[in-house]
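Structure first, then comments.
The values are calculated or read from the model by the stated rules, or taken from the named source; none is laboratory data. Bear in mind that the values here come from a model prediction, so they are computed numbers and not experimental data. FYI the Cβ positions are ideal-geometry reconstructions off the backbone, even for glycines, and counts take in every protein chain you see.
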Amino acid sequence: MNVRGQLHWATLCLLSVCLQVSAVCAGQNPSSALAAETSVAPAKIAGTVVSAITGTPLAQVRVSITDVRKPANTRWMVTNENGSFEFGQVPPGKYSLEGARRGYLTASYEQHEQFSTAIVTGPEFDSTKLVLRLTPMASIEGRVIDEAGDAVRQAQVTLYRENHGSGITRTTPINNDLTDDLGTFEFAALAPGKYYVAVSAKPWYAVSPVVDSGDGTGSSTPSVERSLDVAYSTTYSGGATEADAATPIDVKGGDHTEVEIHIAAMPSLHIFFRVPDDETPHGFASPMLAKRVFDGEYDLPGETRCTSGVCEMTGVPAGTYIVRMRHPGSQQASMQTSEIDLRNDGQELDTSRGEPEGSLKLTIQMPQQEGIPKGMRIMLLDKQNRNRTFQEVDASGHATIPILPAGKYSIQVYAADKRYAVARTFSDAGQTAGHEVEIPAGGPTALTAVLAAGSVNVEGFAKRGGKGASGVMVVLIPREPSTHEELFRRDQSDSDGSFNLIGVIPGSYTLVAIEDAWEFDWSKPAQLARYAQRGQAVTIPEGPQTNIHLPEAVEVQPR
């Protein structure tokens, strides 16, 4: 069951008589009933909490059960010295089970990402031999050392993690720290996974020369020792200075990993560019340098000084950069971009090499005359499925992205309480069927995006050998999976094999159930193609439906 969607879960009828369950205060004594009278004998939810690493029973774990239909109905208790727990007098229904203990990651029963398996109780279900596994927290700590073997203070350390939460493998930043006087940093309470560490710093002794204002050539006066005119490149775990070459840190539950990152000062590059004759040093847009870091970018801080129509950027370590600068002869907001390898001191930026960036003005058309939800945002993904921008939609349904590299993007829409997808777009030039937009170089693009709402919940059962299969990943695959990440829906089957896919957009899908497939990368269609061949076709029609009950169970396929 999707933990985030429990409030929307509509239970399948387990009995021929509807059971009315009364509310119970949170924190009720474990021996008391969770609900009032019922014609069916109450059940038990019982089992043992163990370490996911060693299998050792864990005492003093706070265990809770929550009625999925009525989340206010919660009970909890603490495990004994044998790690055992037992909730008696539990009415028939569906319950989430969660455990928490100091030094361990809080987890639900059979949890994967935001999904877990809910416990179904009733005469035909045995819910008394459960094993709830908790993973001990891990940590990464380390030290940043310079070329002299000294500690680097106040270095910015960023922790990245590879995740598969959306079905596409991405590496994103999750935490930051500053090194202390000993050059040490620490990231605690980590889950198992693949991590990277990046260090950015400035040599404490670094001094940049002053630009010579006499001859107008842009040369620098050696007013300081060249050995002091230095900079650090961003350095990653393993010593690489480019993210693509970084060494991953594989962390398992309970690991306390130590890393040592060595950074070395290198001569600072002095990069020159010319200011158009009709502009003053105070009236131009200075070039911006950015570095590609995994699935994103970060801007490089630096200083710019100008004289006699020539400007100099200092404090730039050698490397490959994305360079954005004003397009000559255009308005200040119009920029051009290029990727340049900066290796030579005194190198001049060639402003003719860049491609003018475009812009996008998007108008959102809501389905069935709905109002614009507060906080709605649009996201544009490039052809590598990298997030290029995240922009809020205003109350009138407009979002403007003024600076955008030319290329093809897919448009995705996010709202807090409901799921949406772009069904089609149209412009003054004509209508296109789809959610992709081509941004031309140097020109504005105006589109209207017509949204479809995800208002349908798809309920069913996953079975293995004719019996309900617990803890299986259930996936609703859209017709064109490689370009429609936003249409995928997933859930984890509950203890009776039931599942509920929330907020499905109308369209054609294939439903599959797969054992242990949580790290699939859906951006590669071949990953799911062989499972889709044996999947179940599902069509979600346009209309006001809120729930669809699948008449046939989906058969579980092995990994």
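The table for this structure:
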| read-out | value |
| --- | --- |
| Residue that is in a loop (DSSP other than H, G, I, E, B) and at pLDDT 80 or above, where the choices are Gly239, Gly283 | Gly239 |
| Looking only at the range 138-173, and only at residues there that are of a type in the set (A, V, I, L, M, F, W, C) and outside any strand (DSSP E or B), the one that is surrounded by the fewest Cβ atoms within 10 Å (Cβ to Cβ) | Ala148 |
| Qualifying residue in the range 110-130 (condition: over 20 Å from Thr48 (Cα atoms), crowded, with 19+ Cβ neighbours inside 10 Å and touching a Phe, Trp or Tyr at 6+ places or on another chain (Cβ under 9 Å)) | yes |
| Hits in the range 364-413 - residues which are within 20 Å of His164 (Cα to Cα), touching a residue at least 24 places away in the same chain (Cβ under 8 Å) and among the charged types (D, E, K, R) | Asp382, Lys383, Arg386 |
| Residue in the range 457-466 that is closer than 25 Å to Pro356 by Cα and either at pLDDT below 95 or not hydroxyl-bearing (Ser, Thr, Tyr) (or both) present | no |
| Some residue of the range 381-395 being surrounded by fewer than 16 Cβ atoms within 10 Å (Cβ to Cβ), more than 23 Å from the chain's Cα centre (by Cα), modelled with pLDDT of 90 or more and in a loop (DSSP other than H, G, I, E, B) | yes |
| Of all residues in the range 174-230 being in contact with a His (Cβ under 9 Å, 6 or more places away or on another chain) and outside any loop (DSSP other than H, G, I, E, B), the one that is modelled with the lowest pLDDT | Ser220 |
| Tabulated pairs, the range 61-86, first in the same structural domain as Arg102 (by TED's automatic domain parsing) and closer than 11 Å to Thr48 by Cα, second of a type in the set (Ser, Thr, Tyr) and modelled with pLDDT of 95 or more, C-beta under 6 angstrom, 6+ apart or interchain | Val61/Thr79; Gly83/Thr48; Ser84/Thr48; Phe85/Thr79 |
| Condition met for Arg161 (at pLDDT below 95 and outside the structural domain of Ser482 (by TED's automatic domain parsing)) | no |
| Of all residues making up the range 67-94, the number that are of a type in the set (A, V, I, L, M) and crowded, with 16+ Cβ neighbours inside 10 Å | 3 |
| Residues of the range 414-445 classified as charged (D, E, K, R), farther than 15 Å from Lys361 by Cα and either without any contact (Cβ under 8 Å) to a residue 24 or more places away in the chain or touching a strand residue (DSSP E or B) at 6+ places or on another chain (Cβ under 6 Å) (or both), total | 2 |
| Qualifying residue in the range 125-137 (condition: over 14 Å from Gly471 (Cβ atoms), modelled with pLDDT of 95 or more, hydrophobic (A, V, I, L, M, F, W, C) and assigned to a loop (DSSP other than H, G, I, E, B)) | yes |
| Residue list for the range 404-445, filter: of a type in the set (A, V, I, L, M, F, W, C) and either assigned to a strand (DSSP E or B) or touching a Ser or Thr at 6+ places or on another chain (Cβ under 6 Å) (or both) | Leu404, Ile411, Val413, Ala421, Val422, Ala423, Phe426, Val437, Ile439 |
